[in-house]
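First the structure, in the form of structure tokens, and then the observations on it.
The values are calculated or read from the model by the stated rules, or taken from the named source; none is laboratory data. Quantities reported herein were computed from a predicted structural model and do not represent experimental measurements. Cβ placement follows ideal geometry from the backbone for every residue including glycine, while neighbour counts extend to all protein chains displayed. Only protein heavy atoms, including side chains, enter the accessible area calculation; ligands, DNA and RNA are left aside. Shrake-Rupley method; radii C 1.70, N 1.55, O 1.52, S 1.80 Å.
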Amino acid sequence: MPKISNKGIKMPESPIRKLVPYAEEAHKSGKTVYYLNIGQPDIKTPAVALDAVKTHSLDILAYSRSEGSEAYRVKIANYYKRNEIEVSHNDIIVTTGGSEALLFAFGSIMDEDDEIIIPEPFYANYNGFSTASSVNVVPVISKIENNFALPPIEEFEKLITPKTKAILICNPGNPTGYLYSKAEIKQLAAIVKKHDLFLIADEVYREFVYDGVEHYSILQEPGLEAHAIIIDSVSKRYSMCGARIGYLVSKNKEFIKTALKFAQARLSPPTLAQIASEAALETPQSYFDDVKEEYVKRRNILIEELEKIEGVKVAKPNGAFYCIAELPVKNSDDFAKWLLQSFHYKNNTVMVAPAAGFYSTPGVGLNQIRIAYVLNEDSLRTSVEILKEALKVYKD
Ligand SMILES: Cc1ncc(COP(=O)(O)O)c(C=O)c1O
């Protein structure tokens with residue numbers, strides 16, 4: 001039997017998707033499953049984007065340029081300008097989702113055994129992309145007690161070694177919903193400049209910030225041009241997860257030149273999806289206002305209802321559409337499986353993401369889950385009720 005790679009063996013399973021077979025079984029057995037585990041919004045994709053795909057006049061579905069069509073990149077640069085981020089289309093590479101942007105960024109700046117510092121809990125696939133790129137994640141732990149604020153900057157500094165190449169943040173954060181303040185971005189900027197590191201910011205949830213607080217991008221920070229790399233995506237912004245379009249943005253020319261070689265190796269991002277994504281840039285502001293209002297309403301309901309459950313601790317998110325909840329259970333992996341396999345309330349159950357997979361430190365987050373508030377108000381209320389009933393009867 002030929003052997004598969006050690007890297008393949010080490011590749012982590014997605015904590016978000018690994019319970020899918022249990023959910024399918026629950027569904028087959030006649031239960032209704034409420035999916036709180038995955039960031040697939042139920043929000044409608046803007047009509048302009050879908051119409052552009054329906055009405056295009058292409059007679060050959062050809063490759064586009066490896067860096068993405070110029071017309072699209074010019075419009076993306078305008079989108080950033082509207083968000084007070086000054087970049088040109090030459091600073092942008094269109095990728096197959098933010099996922100590919102992350103892979104190209106890792107490949108362009110890190111070699112085998114290099115280190116990347118990431119505040120945890122973090123988007124679980126950062127573990128997967130790090131393994132795929134043979135680099136090591138060095139976590140700096142943020143705590144639910146502090147609402148997952150950035151740990152003191154000295155904690156970062158202590159972790160920097162000759163192998164450290166980058167700091168990666170997700171702003172606003174998945175899975176915590178934490179929004180970094182301007183002061184925190186400035187602290188990070190100072191440290192990456194001092195130690196000559198890259199600062200990667202995954203800003204795919206940029207529009208989803210609440211309570212009147214403004215998002216401050218790393219590319220708004222003066223003097224960070226050589227260091228800053230933005231990961232972006234249309235997936236959540238326009239509820240277009242299936243389009244598979246994202247982008248890499250940096251004013252560091254050497255970085256863009258290098259990432260382009262990775263882009264050339266895979267030839268082209270998807271052509272039809274670029275047409276949809278280019279049209280999505282025409283989405284009226286009212287769409288975002290409505291979506292934001294909807295998420296704020298859902299967040300408030302979720303947090304309020306969770307806080308009523310005895311033994312549950314929750315950090316209030318300021319952005320994105322996730323929260324981490326600490327439960328009175330020993331192992332949320334077992335609890336999440338049990339919810340699907342052995343429990344129902346009025347023939348309903350919920351699927352949640354065990355949070356341990358959002359940490360790279362073993363044994364941390366075992367009693368936490370991530371909840372995505374991607375369901376409507378009624379479903380969300382029902383889901384929390386199911387969770388409450390389940391916790392009454394669950395035995396570790
Ligand atoms: C923080 C974060 N970054 C990147 C991605 C990747 O998104 P996509 O590849 O769909 O653009 C996701 C998806 O959920 C995410 O939550």
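Which numbered condition trips up F262, out of (1) open to solvent by less than 30 Å² (accessible area, probe 1.4 Å); (2) not in a loop (DSSP other than H, G, I, E, B)?
Unmet for F262, out of (1) open to solvent by less than 30 Å² (accessible area, probe 1.4 Å); (2) not in a loop (DSSP other than H, G, I, E, B): (1).
Evaluate the stretch 89-112: report whether one residue or more is in a helix (DSSP H, G or I), within 16 Å of the ligand (Cβ to nearest atom), among the charged types (D, E, K, R) and under 30 Å from Y63 (Cα atoms).
Yes; the residues of the stretch 89-112 include at least one that is in a helix (DSSP H, G or I), within 16 Å of the ligand (Cβ to nearest atom), among the charged types (D, E, K, R) and under 30 Å from Y63 (Cα atoms).
When you look at T283, is it touching a Pro at 6+ places or on another chain (Cβ under 7 Å), touching a residue at least 24 places away in the same chain (Cβ under 8 Å) and under 23 Å from E86 (Cβ atoms), yes or no?
It is true that T283 is touching a Pro at 6+ places or on another chain (Cβ under 7 Å), touching a residue at least 24 places away in the same chain (Cβ under 8 Å) and under 23 Å from E86 (Cβ atoms).
Restricting the search to the stretch 194-222, which residues are open to solvent by 30 Å² or more (accessible area, probe 1.4 Å), more than 21 Å from V87 (Cα to Cα) and assigned to a loop (DSSP other than H, G, I, E, B)?
D196, D211, G212, V213 - these are the residues of the stretch 194-222 that are open to solvent by 30 Å² or more (accessible area, probe 1.4 Å), more than 21 Å from V87 (Cα to Cα) and assigned to a loop (DSSP other than H, G, I, E, B).
With respect to N83, is the statement that it is away from the ligand (no atom under 16 Å from the Cβ) and either within 23 Å of the chain's Cα centre (by Cα) or open to solvent by less than 10 Å² (accessible area, probe 1.4 Å) (or both) true?
Yes, satisfied.
For the stretch 113-144, which positions are farther than 14 Å from M11 by Cα and more than 14 Å from the ligand (Cβ to nearest atom)?
Correct list: D113, D114, E115, I116, I117, V138, P139, V140, I141, S142, K143, I144.
Output the qualifying pairs, or none if there are none: Cβ atoms under 7 angstrom, residues six or more apart or on different chains, first residue in the stretch 125-148 and aromatic (F, W, Y), second residue outside any helix (DSSP H, G or I).
Pairs found: Y126/I118; Y126/V137; Y126/L168; F148/S142; F148/G173; F148/T176; F148/Y178; F148/A315.
Take the stretch 20-51 and flag every residue that is touching a residue at least 40 places away in the same chain (Cβ under 8 Å), of a type in the set (G, A, S) and more than 17 Å from R237 (Cα to Cα).
Of everything in the stretch 20-51, those that are touching a residue at least 40 places away in the same chain (Cβ under 8 Å), of a type in the set (G, A, S) and more than 17 Å from R237 (Cα to Cα) turn out to be A23, A26, G30.
If only one of D378, D333, D396 is surrounded by fewer than 24 Cβ atoms within 10 Å (Cβ to Cβ), touching a strand residue (DSSP E or B) at 6+ places or on another chain (Cβ under 9 Å) and among the charged types (D, E, K, R), which one is it?
The conditions single out D333.
In the stretch 165-190, what residues are open to solvent by less than 10 Å² (accessible area, probe 1.4 Å) and either closer than 30 Å to V374 by Cα or more than 16 Å from the ligand (Cβ to nearest atom) (or both)?
Matches in the stretch 165-190: I167, L168, I169, N171, P172, G173, N174, P175, G177, I185, L188, A189.
Select from the stretch 337-365 the residues that are open to solvent by 60 Å² or more (accessible area, probe 1.4 Å) and touching a strand residue (DSSP E or B) at 6+ places or on another chain (Cβ under 8 Å) and list them in ascending order.
Selection gives N347 alone.
Would you point out the residue of the stretch 32-63, among those that are assigned to a loop (DSSP other than H, G, I, E, B) and in contact with an Asp or Glu (Cβ under 9 Å, 6 or more places away or on another chain), that is surrounded by the fewest Cβ atoms within 10 Å (Cβ to Cβ)?
I43
N147 - would you say it is closer than 19 Å to P317 by Cα and either open to solvent by 10 Å² or more (accessible area, probe 1.4 Å) or away from the ligand (no atom under 15 Å from the Cβ) (or both)?
Spelling it out, N147 is indeed closer than 19 Å to P317 by Cα and either open to solvent by 10 Å² or more (accessible area, probe 1.4 Å) or away from the ligand (no atom under 15 Å from the Cβ) (or both).
Report whether or not K54 is out of contact with any Phe, Trp or Tyr (no Cβ under 7 Å at 6 or more places or on another chain) and in contact (Cβ under 8 Å) with a residue 12 or more places away in the chain.
In short, no.
Out of the residues in the stretch 223-252 meeting the condition of being open to solvent by less than 10 Å² (accessible area, probe 1.4 Å) and away from the ligand (no atom under 14 Å from the Cβ), tell me which one is farthest from the chain's Cα centre (by Cα).
L224
Say whether the condition of being modelled with pLDDT of 95 or more and of a type in the set (K, R) is met by at least one residue in the stretch 315-327.
No, the conditions are met nowhere in the stretch 315-327.
Tell me, which residue of the stretch 64-80 that is hydrophobic (A, V, I, L, M, F, W, C) and closer than 19 Å to L219 by Cβ is most open to solvent (accessible area, probe 1.4 Å)?
The selected residue is V74.
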